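The values are calculated or read from the model by the stated rules, or taken from the named source; none is laboratory data. Computed from a prediction, not measured in an experiment: that's the story for all the values here. Don't worry about glycine lacking a Cβ; one is built from the backbone with ideal geometry, like all the others, and counts go over all protein chains shown. Note: areas computed on protein heavy atoms with side chains; ligands, DNA, RNA excluded. Shrake-Rupley method; radii C 1.70, N 1.55, O 1.52, S 1.80 Å.
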Amino acid sequence: MILEGKKIVLGVTGGIAAYKSAEIVSRLRRSGADVHVIMTRNATEFIAPLTFQTLSRNQVVSDTFQTPENWQVEHVALAQLADLFLVAPATANILAKMACGIADDMLSTTLLATKAPIFVAPAMNTGMWTAEATQENMKRLTQRGVRVIGPGTGMLACGDSGAGRMSEPAEIVAEIENWFTQGQDYRGLRVLVTAGATRERLDPVRFMTNDSSGKMGIAIAKAARQRGAEVTLVYGAVTQPLPEGVTCIPVESAMDLRDAMVAETPAHDVVIQTAAVADYRFLNRFDTKMKKQSQREITLVLVENPDVAAEVGKLKKPGQILVGFAAETNQLEENAEKKLEKKNLDLIVANDVTRPGAGFNTDTNIATLIWRGGREELPLQQKTEMAQRILDRIQLLRSGNSVS
Ligand code: CTP
């Protein structure tokens with residue numbers, strides 16, 4: 001049951017191969033997947049929605065029954081639910097719409113909205129497949145990361161022989177299973193991630209904090225989960241929704257974070273510390289709201305917080321991989337290397353937070369990965385993408401294959 005628990009949205013468009021999609025649904029189900037089918041109006045001319053409804057045991061969404069107002073709700077729900085999106089058969093028409101971002105029916109609207117990986121299994125007449133327009137569309141789609149299965153070559157329904165035949169259902173399902181198993185390199189590993197900003201309380205209504213949004217840590221927790229890890233996320237103040245399928249432990253201050261990390265570290269194989277931890281806390285913390293004083297100046301005394309990463313570094317067991325982040329404004333690599341040593345880390349992700357597109361509260365980041373024996377520059381990219389590159393590097397370090 002390779003696809004156990006996976007949610008797959010299958011888009012069926014209007015081609016003669018639509019009948020073969022019934023077998024795709026059966027095979028996906030047998031492999032454990034929860035399948036949701038969206039049919040275009042034309043597809044319903046080739047095969048009845050009831051067939052898919054019976055095989056998938058889920059409501060089939062098709063424009064025949066839904067009014068445009070319904071799309072707005074349904075397309076978002078299905079777009080978000082999908083672990084993977086498959087369009088089979090994919091006609092020249094849907095491929096062209098996808099390439100241009102046209103959203104004029106339920107399927108194209110959902111495809112435009114989804115963040116899930118998309119697979120297409122094209123099926124059309126050879127002339128349509130080889131047409132310059134279709135080939136240009138395919139190029140655009142593959143550049144965007146859409147994966148193409150087939151089409152095969154052979155006798156086509158129209159009597160022509162050549163490329164354009166939809167791949168066999170067994171082959172399509174095998175490709176999908178392959179994709180899920182290949183991407184599962186963290187299965188069996190326990191990953192502990194910290195994210196967000198700590199808050200150091202002065203009184204019940206005031207605290208000292210920083211600009212961290214938790215985006216990087218949450219992206220890492222999500223990516224590790226997708227790659228099969230069992231993930232624990234220790235989080236401070238964050239602006240992002242927490243990931244699903246992850247054990248989440250809230251903390252407020254650096255001291256809370258330290259307690260959580262000391263308790264959790266021994267049970268994890270990989271520890272990734274993205275949290276922006278306050279280096280100091282208030283010496284005095286008031287239990288009631290601090291009142292305005294009569295004098296014009298007041299002095300608040302700060303005392304040093306524990307260096308959580310360094311404490312975690314002391315707990316390090318053989319085989320464990322510890323990863324830290326370094327937020328720097330100058331002498332990036334030199335400072336990061338010092339932190340790598342001081343905190344007994346295996347890898348440090350060094351950010352120059354002064355560069356546009358890097359650092360706190362942005363969707364993108366720029367970083368240098370530094371480990372003993374090598375480094376790798378990660379140019380400006382989405383934090384979600386960077387999360388994957390960091391996880392890739394950790395796997396190389398684990399296997400002892402990491403050279404620059
Ligand atoms: N860190 C920590 N505990 C602290 C401070 C930082 O665990 N009290 C961790 C962060 O989660 C990060 C790494 O240490 O993984 C580096 O954080 P950074 O703020 O860049 O460095 P500091 O050690 O605080 O040094 P400085 O502020 O002097 O740059």
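Worth a mention:
- Condition met for Glu264 (open to solvent by less than 70 Å² (accessible area, probe 1.4 Å), within 16 Å of the ligand (Cβ to nearest atom) and modelled with pLDDT under 95): no
- From Leu302, Leu315, residue being in contact (Cβ under 8 Å) with a residue 24 or more places away in the chain and in the same structural domain as Ala223 (by TED's automatic domain parsing): Leu315
- Here the condition is being at pLDDT below 95 and of a type in the set (Ser, Thr, Tyr); of Thr362, Thr288, it holds for Thr362 alone.
- Count of region 266-313 residues which are among the charged types (D, E, K, R) and in contact with a helix residue (DSSP H, G or I) (Cβ under 7 Å, 6 or more places away or on another chain): 2
- Region 317-328, subset within 9 Å of the ligand (Cβ to nearest atom) and open to solvent by 10 Å² or more (accessible area, probe 1.4 Å), residue farthest from Arg393 (Cα to Cα): Glu328
- Wholly enclosed helices (runs of 4 or more DSSP H) of region 120-192 bearing at least 3 residues among the polar types (S, T, N, Q), at pLDDT 95 or above and more than 15 Å from Val87 (Cβ to Cβ): none
- Flag if Lys97 is under 26 Å from the mean Cα position of the chain (by Cα), without any contact (Cβ under 8 Å) to a residue 24 or more places away in the chain and assigned by TED's automatic domain parsing to the domain that holds Thr13: yes
- Unmet criterion (only one of (1) within 12 Å of the ligand (Cβ to nearest atom); (2) open to solvent by less than 40 Å² (accessible area, probe 1.4 Å)) for Gln331: (2)
- Within region 135-174, tally of residues that are within 29 Å of the chain's Cα centre (by Cα) and surrounded by 17 or more Cβ atoms within 10 Å (Cβ to Cβ): 12
- Of all residues in region 104-119, those that are within 30 Å of Gly154 (Cβ to Cβ), assigned to a helix (DSSP H, G or I) and open to solvent by 20 Å² or more (accessible area, probe 1.4 Å) total 0.
- Qualifying residue in region 242-258 (condition: open to solvent by less than 40 Å² (accessible area, probe 1.4 Å), at pLDDT below 95 and assigned by TED's automatic domain parsing to the domain that holds Pro204): yes
- The set of residues in region 334-354 that are away from the ligand (no atom under 11 Å from the Cβ) and over 16 Å from Met216 (Cα atoms) comprises Glu334, Glu337, Glu341, Asn344, Asp346, Thr354.
- Test: residue in region 338-346 that is in a helix (DSSP H, G or I), among the acidic types (Asp, Glu) and open to solvent by 40 Å² or more (accessible area, probe 1.4 Å): yes
- Members of region 354-402 that are of a type in the set (D, E, K, R), open to solvent by 30 Å² or more (accessible area, probe 1.4 Å), under 21 Å from Ala229 (Cα atoms) and in contact (Cβ under 8 Å) with a residue 40 or more places away in the chain: Arg398
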